[in-house]
Every structure is written in structure tokens, then in C-alpha cells.
1. Apply the a/c threshold of 1.5 to the C-alpha gyration tensor of the stretch 65-115 and tell me whether it is rounded, prolate or oblate.
2. Could you pull out every residue, at least 5 positions away or on a different chain, whose amide H is within less than 5 Å of the one on T443? Hs are placed 1.01 Å off N in the peptide plane, and Pro or chain starts have none.
3. Hey, can you rank 110-121, 57-68 by average C-beta count inside 10 Å, highest first?
4. Among 85-94, 391-400, how do they line up by average Cβ neighbours within 10 Å per residue, starting with the highest?
5. In percent, how large is the relative contact order of the stretch 297-365, given Cα pairs closer than 8 Å and 6 or more residues apart?
6. Among the listed pairs K93/K341; K300/K388; K34/K341; K329/K364; K93/K149, which are separated by more than 28 Å between their Cα atoms?
7. Rounded to whole Å, give me the distance from the Cα center of the stretch 318-352 to that of the stretch 1-76.
8. Would you mind classifying the stretch 288-394 by shape? Square roots of the alpha carbon gyration tensor eigenvalues, ordered a ≥ b ≥ c; an a/c under 1.5 is rounded, otherwise it is prolate if a/b is larger than b/c and oblate if not.
Amino acid sequence: MSLNIIDLIKGQLGSALVTQAASQLGESESGISKAIGGLLPAVVGGLANNSDNPVVLDAISNAPSQGILGNLLDLTSNNTWVQSLLSSIFGDKLGGLANSIATYAGISNNSSSSLLNLVTGATVGAVGKYAADNNLDQSGISSLLNDQKGIVSSLLPAGLSLASLNVGDWAKGYKFDNDNDAIKTSPISTPTPTPTAVSNEEPKIEVTKSVADGGTFPERPTTSEGGSIWKWLLPLLLLIAAGYFLWKQCEKKETTTTTTVAGDSLNTTTDSSSMQNDTATTMTTTKVDENIDLNGTALKGYKGGMEDNMITFLKSGSYVSAADDAALKDNWYNFDHVNFKMGSSTELEAGSQGQLENLVAILKAYPEAKIKIGGYTDKVGNEANNVKLSGERATYIKDWLSKQGVGAQVTGADGYGSQFATVDAAATDEERAVDRKMAVRFTK
């Protein structure tokens, strides 16, 4: 099985770089990610089409000595060697490629061109490092690139095809199977027409699907081969799935997770369904808000969620009886609904303000209570950036609360980055979601 060099490159284009590129180019992180997803197979395909091009082979061979991978963001500005390489690969179609990706991803043409430089640098750098690590000469690099023609055929993201790139004939060498469909007519055996009878049959239209080398596409099964069984099996499967979903909805089982960590983030009490995903800082849960009693006022929140736990603590008299801040610092309450837009410290997701308003109501009902805001990230990315982002988010919430008239009760806002993260950076995004959150604790 051939090596897929895109697997070598993905590690260079992670979430931290996406965040930095979005900030540097003034674009959304989702737009940057979408553009990179379209550019990466295009660049790999372009290199594969030029596997014998001396300019390409020299660039890859010299990449390790130039330290390209350590300065990818620098490539977003005009870079002579990258521009020369791209011109050699794409020629006068370069602008069309950048413009089409800009339209697909919803970013500016300038940003698309900058990302094309970055992705090209990451690709050349990653392949160059692999070649150096495995003692590949230029002949070996050429063979590696040539192998990609049969691999990249399935890598274009949904909604983007080579036909939409408008880059001309150079795309034919990519062997992307979703762009070489051909419509052709096939001859039909009919009786020779007589002078008194003319055939009105239209020629049959046959769609021929091109394939990657050595591959074939299965024919669609006939009704006798399997179509009839799906007429009853598919509805049955859908019915079973719907029944399972309704059963899970009715179950409404609540759980509470207590995490003990050393330092200023101890004994965090949270609803297990409130884990947040910082990639888009969104929350998924099967639970619904209920009325939480705040001294006769109903707040919408989870039973066992942030509001419920904070109010229970205050009603118990535990806050009043706490001698000092040391007695309170071990208990943090995770926000269930407060989520920031991906990579932002100033834009909240829709639905976040409601829980912040609940917090304002709690503080006004207990004017003697004081709180501190904390922000946390997982272990992925540059730690300095993680601390900065989490701190800015905590400060944003503190400032927002001050504007609501409870600023005197908010004593601080700190970002802890991944200091208290417990899940390894190599874990899945879903597993690391437990470490990404905003929280609040009582202080004196």
C-alpha cells in the first residue's frame, strides 16, 4: 500500500496553527480550516503531476535545511521561493485555484493565496523531512510523489470538485474520480427501417465512471439482487433507531463528576453532559433545562448543573460559615451553556447569555457572595497561547458581569490554559473535551 503523504502533512496544520492563521489573516477559524481542507489535496495533486520537475524535487530535497516547518506562518506573506514553486506547478492557473478556494471557504482571495503559500510550505517541508529521515534521493522522492496520483482521488472535501476550481486542463492528471465522468451514447440494435416505418427511439445515454488505476466501481444491484429486501429492512431499521432514541430521551439519567486536581482547580462539580468542545465551544446533551428555584424566582437550568449547585451551596450557609478563601478554593462550578466561538475571546455562542444572566440573578440575591472566573483548555497547542486565550475569556465574563451591576462581587478572572488538564493531547477531541471549559467559584 502506497504511503499517503497527506498523513505526513496533517500534523503540521493542527488547530493551533489554524487559530494563529485566522488571527493573522482576519478570517474565521472555520473558513481557514475549510480552505486548508480544499488546498491540501490540490497541492499534493499538483506536486504529483510534477513528480519529475527538477524545481519540485530541488525544493523538497532542500526543505530540511531551510527550516520551513518551523516558520509556516511566515509563508503567508509573499515568499519568493514558494511563489516560484507554485508558478512552476500551476502556471497561469494559480490565480484561478486561489479564487475558487476563496469562494468555497468564504474567505478573501488574499487570504486564500496566503494559505496556498502556507499549505505548499507545509507539504514540501513534511515530504522533505520524510525523505531525509528515510534517505530518499530525488529519484525516490519522484516515485513517492507519483504514487499519490492514485491516492488523492478521494480527498477533495464535500462540496468541492476539480470542475469547480476552473483551473483548466492541468486538473486531468489528478485522476480524481469524481471529475472525469463522461456521457456517451451506445449503439442500439434496431431493425432496419422500412420506407413505411420510421423508428422514433432515442439513443440510450450511458454514464461511464472513470476509476483510479486498478480500481473498479460495483454495478448498482438489480431489484432481484437486493433491492426488494431493503423495501422492508430499511423502514424496520429506522423504526428501531427511533425507538432507541425515544427511550434514551425518556431515561433522563443525571450524573455528577467530581475531579480532584492539585492547585487552584480542585473538586470541580459538573454535569457530565456539560463538557464543551473548544473547537467550536459547543455543548451536546440529552438533558433539558428545568426550573431552578432561587428564593421564589425560577431560573432555567439543569438539575445538578451550575445554578442548582451554587444555589444549594449558598442556601446551606456554607458560604457564610467559610472562614477564608482557602476554604472555598477547592470547589469550582462549570458553566453548562457559556461557550465562546471558536478561537474567540469576545464572541459568545448563541444561548450563552442566559446562563450569565442567571449568575447575575444569583449574585444579586446573595449580595454578600463573591466569585472568581476561571478559563481552561486541553493540552493541545502552544501553552502560552492557551493561557492567553483562556485568560481573555475569563476576563471577558468578568467585565460583562461588571456591566450588569455585580462587578464588586467578582474578585478575579484567571486563565489556566492546560495546567489542570487531565487528558493526554494524543486522545480524541471528544475525550479532551472534558478539559475545555469556563468555570466559577466562590471567594472571600
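1. Oblate, since a/c reaches 1.5 and b/c is not below a/b.
2. Under 5 Å from the amide H of T443: K370, I371, K372.
3. 110-121, 57-68
4. Put in order of decreasing packing, that is 391-400, 85-94.
5. Numbers: 44 pairs, mean separation 20.3, N = 69.
RCO, the stretch 297-365: 29 percent.
6. Distance filter (> 28 Å) returns K93/K341; K300/K388.
7. 38
8. Oblate is the answer for the stretch 288-394, as a/c is 1.5 or above yet b/c matches or exceeds a/b.
No lab work stands behind these numbers, since they all come straight from the coordinates. The model shown is predicted, which means the values in this text are computed figures rather than measured ones. A quick note on method: Cβ atoms are made from the backbone with ideal geometry, for glycine too, and the neighbour counts reach across all protein chains shown.
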